[in-house]
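Data first, discussion second: the structure below is written as C-alpha cells.
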Amino acid sequence: MARAFTPKVLTANRLLEGDVVYLGADGEWVLYHSDAVLFTDEELANTALAKAAAQPDFLVGPYLANAETQNGHPAPTHFREEFRTRGPSNYAHGKQESIDV
Amino acid sequence: MYNYNQFDKAFNQTRVDQFRQQVARRIDGSLTEDEFKPLRLMNGLYLQLHAYMLRVAIPYGTLRSAQMDQLAMIADKYDRGYGHFTTRQNIQYNWPKLQDIPDILQDLADVEMHAIQTSGNCIRNVTADHFAGASADEIEDPRPTAELLRQWSTDHPEFAFLGRKFKIAITGAPNDRAVTKAHDIGLRMVRNDAGDAGYEVIVGGGLGRTPMIGKVLRAFLPRADLLPYLESVMQVYNVLGRRDNKYKARIKITVHENGIEKIRDLVEERFVIQRAAFGGFDQELLQKLETAFAPPAFISAPLDGYETAYKTDPAFRSFVDTNLSAHKNDEYAIISISIKKHGQTPCDATSYQMRTMAELARKYSHAELRISH
C-alpha cells in the first residue's frame, strides 16, 4: 500500500553559488526554510518538482523534503534538512550569520 | 623541488581550458548536472551541503612560499579568506562560486598546482612523509618516487574509472609519518641485505567506516620494478574489486575477502607481463627527478644564540621540545607549526596565516614548506 503523503517543502542548490534554496509561496526561490511554501497536496508538490527539474541552468538536484508547521512556518523534520537550513556547525559563517536559528 | 616541464605546463593548461568550456556549457544549460558532475569531480569540485568545495592537491605535501602566497590570494579573492588543509595533503576551499572555478584553476596553474584527481574513483593525490628530504631518520627521500607516481597516475586511462577512490602514500623513513598501513597502497623505501634500494609494498589498508591495517604484499620490490608492479596491483583490483556496493568497493575489502595470498599470486602473474612492457623510461625519469629534489644550499651559522636561549628561556625551551624535530643537517631543525588551536576548527588557516607561513619559510627555510596531518 502506498504511503500517505506527508507535508513537504521543495528544495535544491543554486547552480552558481551552491546555496541551499527553497520554493517560496510566491513562486520565487528563497534562502530560508521558514519562507518556503509547505505542500500538503501531493499532486501540486510533484508538479512543482517537475517544474524545478526543468530549470537545470539555475538549480541543481531539486527534491521534496519532509517538513512540518512550527510557529506558523515550515520546519524540517530530519536532521539533515535542519543542517541545510543553517550552514556549517563549527562556527557562524553560513546562513546563521544573518538569522537567529 | 620539482619544476614543471613544458609537458606538465601544457597538460595543466589544457585541463584548465577544457574545464572553463565545460563550466560555461553547464551555466548556459547545454550540459545537465548528470553530464557535468563527473567532469567537475575530475577537477576536484564537489557540491556539498551548503556550497561548492574545491579540493586542491599539494603533491607529497611540498609547497614553495610563492605557492602558499597564491593559495592565500585565492582564499581572499574567491572564497572567505581561509582554506582548510587536509590530512592527505590537500587544501580545500569551502565557498567558491561555480563561475569562478576556471579562474581559480588558472591561478593554480600559474604556480604549477592543480585540482586534478582530488576526487572521483581514480588514483588520488600521492602523499608522502611530510619531513621528506629533511628528516634525520630518513633512509631515502621519497619525493622523487612520489613525483614519478604523480606523473604515472595522472590521467592514466586504465585507472580513470576504478571501482572506488585509490590512495597511495610513501615514506623513506622507518618512523612511518606517512601512515602507509592505512592506505590502499603504502610504500616504504627499504634496502635489502645486499644494500640495494627498493620498496616494501603494503596493500589494503584504510580508515573510514571499515578501518583496516594494510598487509605486506612484497617485502622487497627492487626499485626498477615499481611502476610495472603497481600497474599489476591496480589491474588485479580493477578486475576483482566489487562494484555492486560502494561500501565494499575499496581494495581493503578486496584483500580481506580474497586473502592476501590470492591477491599476491594474481599480482605476480600480471607482473610478469607488465614488467616486459616497461622499457626503462620510468627509471630514466626517476633519475632526473632525483636531481630536481636535491637538497637546498644549506648555510652554516653560529648556534650560540639558540643554545643560550634554550638554557635560559623556559618558554623557548618548551617550544623547542614540542615543535622541533631532528633534521638531517644538524645545524638545521624542522619546525612544526600547528594550525589546531584549541577551540578553533582544526587545520583551517586564514590567508594572513598562510602568508605569514610563506614569509617565515622565505626567511628561514629556503622558501619551502610542508603540509601534513
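The values are calculated or read from the model by the stated rules, or taken from the named source; none is laboratory data. These figures come from a predicted structure and were not determined experimentally. Glycine gets a Cβ as well: all are built from the backbone with ideal geometry, and neighbour counts include every protein chain shown. All accessible areas refer to the heavy atoms of the entire protein, side chains included, with ligands and DNA or RNA removed. Shrake-Rupley method; radii C 1.70, N 1.55, O 1.52, S 1.80 Å.
Just a few scattered comments:
- Residues in segment B:98-108 that are touching a residue at least 40 places away in the same chain (Cβ under 8 Å) and either open to solvent by less than 20 Å² (accessible area, probe 1.4 Å) or within 10 Å of chain A (Cβ to nearest Cβ) (or both): B:Leu98, B:Gln99, B:Ile101, B:Pro102, B:Ile104, B:Leu105, B:Leu108.
- For segment B:47-68, filtering for residues that are within 14 Å of chain A (Cβ to nearest Cβ) and either of a type in the set (A, V, I, L, M) or within 17 Å of the chain's Cα centre (by Cα) (or both) leaves 5.
- Meets criteria (of a type in the set (S, T, N, Q), away from every other protein chain (no Cβ under 14 Å) and within 30 Å of B:Leu207 (Cα to Cα)) for B:Gln6: no
- When residues in segment B:98-135 are screened for being in a helix (DSSP H, G or I) and farther than 29 Å from A:Val20 by Cβ, 1 of them pass.
- Within segment A:69-101, restricting attention to residues that are away from chain B (no Cβ under 14 Å) and surrounded by 13 or more Cβ atoms within 10 Å (Cβ to Cβ), the residue that is farthest from A:Gly27 (Cα to Cα) is A:Thr77.
- The set of residues in segment B:328-349 that are under 24 Å from B:Ser300 (Cβ atoms) and assigned to a loop (DSSP other than H, G, I, E, B) comprises B:Lys328, B:Asn329, B:Asp330, B:Glu331, B:Tyr332, B:Ser336.
- The condition (being surrounded by 13 or more Cβ atoms within 10 Å (Cβ to Cβ) and either within 30 Å of B:His84 (Cβ to Cβ) or among the charged types (D, E, K, R) (or both)) is satisfied by just one residue among B:Glu368, B:Glu284: B:Glu368.
- Test: B:Gly44 is at positive phi and more than 14 Å from every other protein chain (Cβ to nearest Cβ): yes
- Residue satisfying all of: in segment B:257-281; open to solvent by less than 70 Å² (accessible area, probe 1.4 Å) and not aliphatic (A, V, I, L, M); farthest from B:Arg243 (Cα to Cα) among these: B:Gly280
- In segment B:69-97, the qualifying residues are those that are away from chain A (no Cβ under 13 Å) and polar (S, T, N, Q), and the one that is nearest to B:Ala57 (Cα to Cα) is B:Asn90.
- Positions within segment B:238-258 being of a type outside the set (A, V, I, L, M) and without any contact (Cβ under 8 Å) to a residue 24 or more places away in the chain, in sequence order: B:Asp244, B:Asn245, B:Lys248, B:Glu257, B:Asn258
- Filtered by the rule that a residue be open to solvent by less than 40 Å² (accessible area, probe 1.4 Å), among the aliphatic types (A, V, I, L, M) and within 14 Å of chain B (Cβ to nearest Cβ), segment A:1-55 gives A:Ala12, A:Leu15, A:Val20, A:Val21, A:Ala52.
- Of the strands (runs of 3 or more DSSP E) contained entirely in segment B:1-97, those carrying at least 1 residues that are open to solvent by 50 Å² or more (accessible area, probe 1.4 Å) fall at B:45-47, B:62-64.
- Given (1) closer than 24 Å to B:Ala128 by Cα; (2) in contact (Cβ under 8 Å) with a residue 12 or more places away in the chain, index of the condition B:Tyr352 fails: (1)
- Under the condition of being under 25 Å from B:Glu147 (Cβ atoms), at pLDDT 95 or above, open to solvent by less than 50 Å² (accessible area, probe 1.4 Å) and part of a strand (DSSP E or B), the residues counted in segment B:187-215 number 10.
- Taking the criterion of being aliphatic (A, V, I, L, M), open to solvent by less than 70 Å² (accessible area, probe 1.4 Å) and more than 27 Å from B:Tyr352 (Cβ to Cβ), the residues of segment B:287-317 that qualify are B:Leu289, B:Ala292, B:Ala294, B:Ala301, B:Leu303.
- Among residues of segment B:318-345 being within 23 Å of the chain's Cα centre (by Cα) and open to solvent by 70 Å² or more (accessible area, probe 1.4 Å), the one that is nearest to B:Ala136 (Cα to Cα) is B:Lys328.
- The one condition from (1) closer than 16 Å to B:Gly61 by Cβ; (2) at pLDDT 95 or above; (3) surrounded by 22 or more Cβ atoms within 10 Å (Cβ to Cβ) that B:Ala173 does not meet is (3).
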